[in-house]
Amino acid sequence: MPEERFGHYSTNAAFELAKIEGKSPLAVAEELAVKIRTSKEAGIFEKVEAVPPGFINFFLKKEVLAGNLKEILKKREKFGQAFSGGGTIVVEYSSPNIAKPLGVHHLRSTIIGQAIVNLLRFIGYKAVSLSFPGDWGTQFGLLIAGYKRWGDLRKMRENPIREMLDLYVRFSETAKENPELLEEGRQEFKKLEEGNRENKKLWKWFLGESLRDFERIYKLLGVKIENTIGESFYELELQPLIQDALKRGVAQKGEDGAVIISIPGSQTPEIIQKSDGATIYTTREVAAIRHRLKKWRADKLVYVAANQQTFHLEQVFRSAELLGYAKSGQLKHVKFGMMLGPGGKKFATREGRLIPLEDVLNEAIERSLKVVEQLNPNLSVREKGKIARAVGIGAVKFFDLSQNRQSDIVFDWDKMLNLKGASAPYLQYTYARLKSILRKAGVGRVLSIKYQVLGEKEFGILGHLIHFPEAVENSASRYEPNHIAEYLLKLAEKANAFYETTPVLKAEKELKEARLALIQAVAIVIKNGLNLLGIEVLERM
Ligand code: ARG
């Protein structure tokens with residue numbers, strides 16, 4: 001999407017060719033421009049120009065831009081769809097650890113992951129949404145031991161997540177003074193692994209309560225993860241997997257008895273079984289790769305996980321490849337930076353506890369209610385509440401998705417909720433205003449317009465509308481939702497500048513109709529884009 005004065009498309013291809021041909025880039029650009037102007041496809045261009053130092057700029061004909069407008073009005077929510085696509089991609093995201101509240105650090109994975117699933121589906125992939133909760137490991141031994149010592153049935157029923165967290169923290173704290181407690185915890189986990197009925201029952205209870213709690217928050221977030229397969233699922237596959245790796249010579253037994261996989265080019269061998277015989281996280285990860293590829297006949301597995309997991313996942317991927325479970329290129333880590341609290345500090349309470357995600361979301365909704373109250377005090381309480389929810393959740397999501405996913409982001413309430421800034425409420429408000437114009441005009445479906453009456457400002461918007469499919473394609477193929485976010489901000493900016501200065505309802509008939517069609521198309525594209533990001537639009541605000 002070049003700047004307007006550089007046309008609708010622009011290329012620097014002449015620079016590369018110039019190097020090969022030993023000519024000046026401008027000379028090559030001029031030659032190419034001539035070829036393009038006389039080619040079969042030239043009919044869509046009003047102008048193709050070569051400009052110093054060697055760029056070629058393409059200007060589409062007005063007729064083509066108007067044709068795209070009609071296409072938007074016809075295809076509506078399907079506009080921008082099916083560019084590439086085909087194949088099955090399993091997207092793992094969210095993946096929280098059970099017996100703990102969902103923290104803000106899981107927010108990014110959940111939001112980015114869902115946007116990627118939406119995007120892939122939009123362009124024609126079969127995307128499987130999957131969460132891989134941490135539901136296995138020694139920590140559950142500690143929790144079970146803690147429950148056996150101090151567990152309170154009434155508290156557990158009232159607020160299970162709180163009680164589990166309290167028990168776990170109390171147990172670990174006490175263990176600092178009395179290390180023998182750790183052994184007690186390990187024993188409880190061992191019993192769990194061996195299938196002890198009481199421990200299994202407790203673990204299942206904890207798991208069920210946790211998953212229910214996550215589900216509640218996903219609902220609040222408007223996120224739908226269709227498959228949940230936790231680490232524990234792979235328990236029975238691990239021993240055979242380790243034996244198989246040894247038999248095939250991919251893994252070796254070290255001097256201390258641990259089973260390791262040496263990874264060519266990596267300093268660190270990957271342990272798949274500890275010297276005491278216990279399996280570890282990696283073993284479950286590798287088993288999960290084999291299982292996911294088979295179960296869904298997937299072409300690709302995508303992991304939406306924090307930057308900090310880079311080394312771990314790299315090792316896991318290489319191990320799975322060495323074992324022949326996955327081919328190179330099938331496994332992809334989609335990384336993201338940290339989410340820091342206001343002021344750039346870790347997202348924690350004064351006592352250093354992580355802030356539950358739900359508290360953050362509720363605060364976003366509360367703050368949005370104030371915005372709505374200022375904007376539209378006459379709405380009913382119910383309506384205000386509904387709008388505040390969409391605005392608050394949308395604001396949090398957009399704030400995340402509009403930034404480069406690999407950078408750390410600093411939570412900033414004012415930016416997030418700024419009605420005039422690069423925010424979801426800004427886009428939602430723009431959309432609501434466009435819809436209000438359309439309501440006032442009482443337009444239904446416009447399909448034929450006289451584009452010749454439109455002026456430069458309108459064509460500026462039309463010129464931006466043609467780029468939506470590219471923004472979608474870019475975001476989907478690079479797993480970077482921020483391209484759509486940036487695209488929408490620019491579109492809204494143009495649309496706002498247009499209707500704030502140009503009469504629509506009071507324009508004469510043909511002009512009014514053409515302008516209304518344009519407004520309708522902009523509204524459709526804003527809605528499509530926001531929905532792909534998982535953000536609701538509002539008819540009124
Ligand atoms: N359960 C981990 C956490 O809460 C995230 C897991 C990411 N996914 C993976 N396959 N390693 O930090």
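The values are calculated or read from the model by the stated rules, or taken from the named source; none is laboratory data. Values in this document were obtained by computation on a predicted structure and should not be read as measured data. As a convention, Cβ positions derive from the backbone with ideal geometry for all residues, glycine included, and neighbour counts pool all protein chains shown. Heavy atoms of the whole protein, side chains included, go into the accessibility calculation; ligands, DNA and RNA do not. Shrake-Rupley method; radii C 1.70, N 1.55, O 1.52, S 1.80 Å.
Please give the per residue volume of the convex hull enclosing the alpha carbon atoms of region 351-394, rounded to a whole number of Å³.
Normalising the Cα hull of region 351-394 by residue number yields 70 Å³.
Please list, in chain and number order, the residues 5+ apart from Val410 or on another chain whose amide H is under 5 Å from its amide H, with Hs placed from the backbone.
Leu340
Enumerate the aspartates and glutamates that Lys346 could reach by cross-link, defined here as Cα to Cα under 15 Å, with residues fewer than 8 away along the same chain left out.
The qualifying aspartates and glutamates are Asp408, Asp412.
Charges only on Cβ, +1 for Lys and Arg, -1 for Asp and Glu: so what's the dipole of region 418-495 about the Cα centre, in debye to the nearest 20?
For region 418-495, the charge dipole is close to 520 debye.
With +1 assigned to the C-beta of every Lys and Arg and -1 to the C-beta of every Asp and Glu, and no other charges, what is the dipole magnitude of region 356-410 about the Cα centre in debye, to the nearest 20?
260
Taking the 0 to 90 degree range and rounding to the nearest ten, how far is the long axis of helix 138-150 tilted relative to the main principal axis of the chain, both from C-alpha atoms?
Helix 138-150 and the main axis of the chain meet at about 60 degrees.
In this model, which of Lys19/Lys70; Lys204/Lys224; Lys176/Lys253; Lys19/Lys300; Lys335/Lys494; Lys100/Lys420 are farther than 30 Å apart at the alpha-carbon?
Lys19/Lys70; Lys176/Lys253; Lys19/Lys300; Lys335/Lys494; Lys100/Lys420
Taking the Cα atoms only, what angle lies between the long axis of helix 310-322 and the longest principal axis of the chain, rounded to 10 degrees?
It is inclined by approximately 80 degrees.
Which is farthest toward the positive dipole end of region 215-349 among Gln239, Leu313, Met338, measuring Cα position about the Cα centre, with Cβ charges +1 (Lys, Arg) and -1 (Asp, Glu)?
Met338
Of the cross-linked pairs Lys415/Lys512; Lys75/Lys386; Lys200/Lys274; Lys384/Lys457; Lys40/Lys75; Lys415/Lys450, which ones have a Cα-Cα span greater than 32 Å in the structure shown?
Pairs exceeding 32 Å: Lys415/Lys512; Lys384/Lys457; Lys415/Lys450.
Over region 1-124, with the other protein chains present, what is the accessible area per residue in square angstrom, probe 1.4 angstrom?
That works out to 48 Å² for each residue.
What list of ³J(HN,Hα) couplings, whole Hz, do you get for region 497-506 from phi and the Karplus terms 6.51, -1.76, 1.60, once you set θ to phi - 60° and write x for glycine and proline?
4, 5, 7, 6, 10, 10, x, 10, 5, 8
Would you work out which of Val91, Ala27, Ile123 lies farthest towards the positive end of the dipole of region 1-143? Charges go on Cβ: Lys and Arg +1, Asp and Glu -1.
Going by the charge dipole, the pick is Ile123.
With θ set to phi - 60°, apply the Karplus curve 6.51 cos²θ - 1.76 cosθ + 1.60 along region 10-25 and write out the HN-Hα couplings as whole Hz, x wherever there is a Gly or Pro.
Rounded to whole hertz, the list is 8, 9, 10, 4, 4, 5, 5, 4, 4, 4, 5, 8, x, 10, 7, x.
Against the longest principal axis of the chain, how steep is helix 197-221, in degrees 0 to 90 to the nearest 10, with axes from Cα atoms?
In the chain, helix 197-221 runs at an angle near 20 degrees to the longest axis.
Quick one: putting +1 on the C-beta of Lys and Arg, -1 on the C-beta of Asp and Glu, what dipole do you get for region 275-334 around its Cα centre, in Debye to the nearest 20?
Dipole of region 275-334, to the nearest 20 debye: 380 debye.
Which percent of the accessible area of the chain is formed by carbon and sulfur heavy atoms (probe 1.4 angstrom)?
It is 51 percent, rounded to a whole number.
Sort 230-240, 149-159 by the packing proxy (mean of other Cβ within 10 Å over each peptide's residues), most packed first.
For the peptides 230-240, 149-159, the packing ranking is 230-240, 149-159.
Could you list which residues have their amide H under 5 Å from that of Tyr125, counting only those 5 or more apart in sequence or on another chain, with H placed in the peptide plane?
Result for Tyr125 returns Gly86.
Work out the charge dipole of the chain with +1 on the Cβ of Lys and Arg and -1 on the Cβ of Asp and Glu about the Cα centre, then indicate which of Gly257, Ala298, Leu202 is farthest towards its positive end.
Ala298
Give me the 1.4 Å probe accessible area per residue for region 285-410, excluding ligands and nucleic acids, in Å².
50
For a quick check: with amide H placed at 1.01 Å from N, whose amide H comes under 5 Å from Thr228's, ignoring anything fewer than 5 positions away on the same chain?
Those qualifying (amide H under 5 Å, at least 5 residues apart or on another chain) are Ser131.
Alpha carbon centre of region 104-144 versus region 211-287: separation in Å?
17
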